[in-house]
Amino acid sequence: KTVVNRIAAGEVIQRPANALKELLENSLDAKSTIINITVKNGGLKLLQIQDNGTGIRKEDLSIVCERFTTSKLVQFEDLNTIETFGFRGEALASITHVAHLTIVTKTATEPCAYKGLYEDGKLKEPVKPCAGNQGTQITVEDLFYNVATRRKSLRSPNEEHVKIADVVSKYAIHNPTVGFTLRKQNESNTDVKTNINSSHVENIKTVYGSNIAKAIEPVEAKDETLKFVMNGYMSNANYPMKKAIFILFINNRLVDSQALRKVLEQVYSLYLPKGMHSFLYLSLKIEPKNVDVNVHPTKHEVHFLHEDAIIDKIKNSIESKLAGCNT
Ligand code: ADP
Ligand code: MG
């Protein structure tokens, strides 16, 4: 049973950046405005995330790490209406099967914080009171300590750190009201730092530099019958880049859509010198019931209803901006 769970967990959590993405989304779901992340050895030794969100009630601490335990799914119909994709209740459970996980958390009403240590989906010992501010701190240590093959395939802590920084940066751009920091343990320098109540443009500048920030402009599209709204920022034709940056959020979750990516690359290729690329950050809101949420958690590729028609609308809005920019 343990081995089966470990294999299943290894599929959900393939590398430190996957684990961090799940933890980040939990912190955002808990309405945090400050999220501080500390990492050691690319997250393989230590991955710690501290937020100032709602916290977890003491009585829930014994079950939060069991599979399919979620506070985000009250009724079956919620499967269709829930806003977050993080409905599966699998992330914390999965992590406890492949790492040592500790939660320190405090809600607004509890007089003190509580601490739980977890292994294989269960508490290792009774929850203990401890010191702590409102919010939740989740510490993941020795990721894949019991999965030798995975450990061997992730040989470069540096590469893992870069992937973590990439995930944090993109969530920071998408959530400008939240202040994020990412740092390596025992280092005062931050790898990512954004301010609370910032803006999309400000955070794009912080992450990708002021040159990109100067070359971007807002873009939007929407359609009542297709039930979607898209907002974002795109680089203009006067700013060709060597490497493409394509950041896509659908209903606040970082995903990929190869279909959309390809169509937009094609549009840009008509306006940019050969072999040059663009910056795109797009936030798409679609009727939750129209998004295929049953994709495997590691598959960032997403499909949705009216995909071709919606992609076409987005393409048109971007193309008309590009056309306007060249004349
Ligand atoms: P899901 O997000 O799909 O509900 P998870 O395994 O990611 O499942 O988390 C399980 C539950 O633990 C959540 O539903 C939530 O109640 C609680 N939780 C996890 N992280 C946090 C956090 N940072 N702040 C508050 N609650 C949290
Ligand atoms: Mg979650």
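Readers should treat all values here as calculations from the given coordinates under stated rules, not as data from a laboratory. Only a predicted model underlies this, so the values are computations on that prediction, with no experimental measurement involved. Please note: Cβ atoms are built from the backbone with ideal geometry, for glycine as well, and neighbour counts cover all protein chains shown.
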* Non-local amide H neighbours of residue 228 (under 5 Å, H modeled in plane, Pro and chain starts lacking H): which ones? -> 223
* Structure fact -> What helix-only [θ] at 222 nm does the chain give? Using -39500 (n - 2.57) per DSSP H run of at least 4, over all residues, to the nearest 500, the answer is -10000 deg cm²/dmol
* Asked: Quick one: Karplus J couplings for region 17-26, per residue in order, coefficients 6.51, -1.76, 1.60, θ = phi - 60°, nearest Hz, x for Gly and Pro?
  -> 5, 5, 4, 4, 4, 5, 5, 4, 5, 4
* **Note, ³J(HN,Hα) from phi for region 137-152, Karplus 6.51, -1.76, 1.60, rounded to Hz, x at Gly and Pro** => 10, 10, 10, 10, 10, 6, 4, 6, 4, 10, 10, 4, 5, 5, 4, 5
* To do: Please order 169, 199 by the number of other Cβ within 10 Å, starting at the fewest.
  => 199, 169
* With each pseudo-label sitting 7 Å past Cα toward Cβ, what's the residue 152-residue 287 distance in nm, one decimal? -> 5.0 nm
* Asked: So how do 191, 51 line up by other beta-carbon neighbours within 10 Å, fewest first?
  -> 191, 51
* To do: Compute the distance in nm between two label points, each set 7 Å from the Cα along the Cα-to-Cβ direction, one at residue 323 and one at residue 245.
  => 2.8 nm
* **Tilt relative to the chain, helix 258-269 - C-alpha long axis, 0 to 90 degrees, to 10** => 30 degrees
* Structure fact -> Phi angles of region 110-117, converted by Karplus (6.51 cos²θ - 1.76 cosθ + 1.60, θ = phi - 60°) into ³J(HN,Hα) in whole Hz with x for Gly and Pro, give 6, x, 9, 8, 10, 10, x, 10
* Compute the length gained on full extension between residue 211 and residue 229: take 0.36 nm times their separation in residues and subtract their Cα-Cα distance, giving the result in nm to one decimal. => 3.7 nm
* Extension gain (nm, one decimal) between residue 34 and residue 270, 0.36 nm per residue minus Cα-Cα -> 80.8 nm
* **Distance between region 239-256 and region 88-103 - C-alpha centres, whole angstrom** => 28 Å
* Structure fact -> Projected convex hull area of region 2-193, Cα atoms, direction-averaged, in nm², equals 11.0 nm²
* **Extension reserve of the residue 166-residue 8 stretch, reckoned as 0.36 nm per residue once the Cα distance is removed** => 54.3 nm
* Report the one residue of 17, 246, 63 whose Cα lies farthest in the direction of the positive end of the charge dipole of the chain (charges on C-beta: Lys and Arg +1, Asp and Glu -1; origin at the Cα centre). => 17
* **Neighbour-limited loop hits for GluC sites (Glu not before Pro), region 221-325 (at most 16 other Cβ within 10 Å; DSSP other than H, G, I, E, B)** => 224
* What are the residues whose amide H is under 5 Å from the amide H of residue 56, where those residues sit 5 or more places off or on another chain and H is modelled from the backbone? -> 106, 107
* **Simple spin-label estimate for residue 202 and residue 59 in nanometres, 7 Å along Cα-Cβ** => 4.1 nm
* Structure fact -> Amide H contacts under 5 Å for residue 301, restricted to residues at least 5 apart in sequence or on another chain and with H modeled in the peptide plane, are 256
* region 140-191: percent of C-alpha pairs farther apart than 14 Å? -> 65 percent
* To do: Just need the Rg to Rh number for the chain, please, alpha carbons only, Kirkwood Rh.
  => 0.98
* Is the shape of region 209-326 best called rounded, prolate or oblate, per the rule: a/c under 1.5 gives rounded, else a/b larger than b/c gives prolate, else oblate, with a ≥ b ≥ c the square roots of the Cα gyration tensor eigenvalues? -> prolate
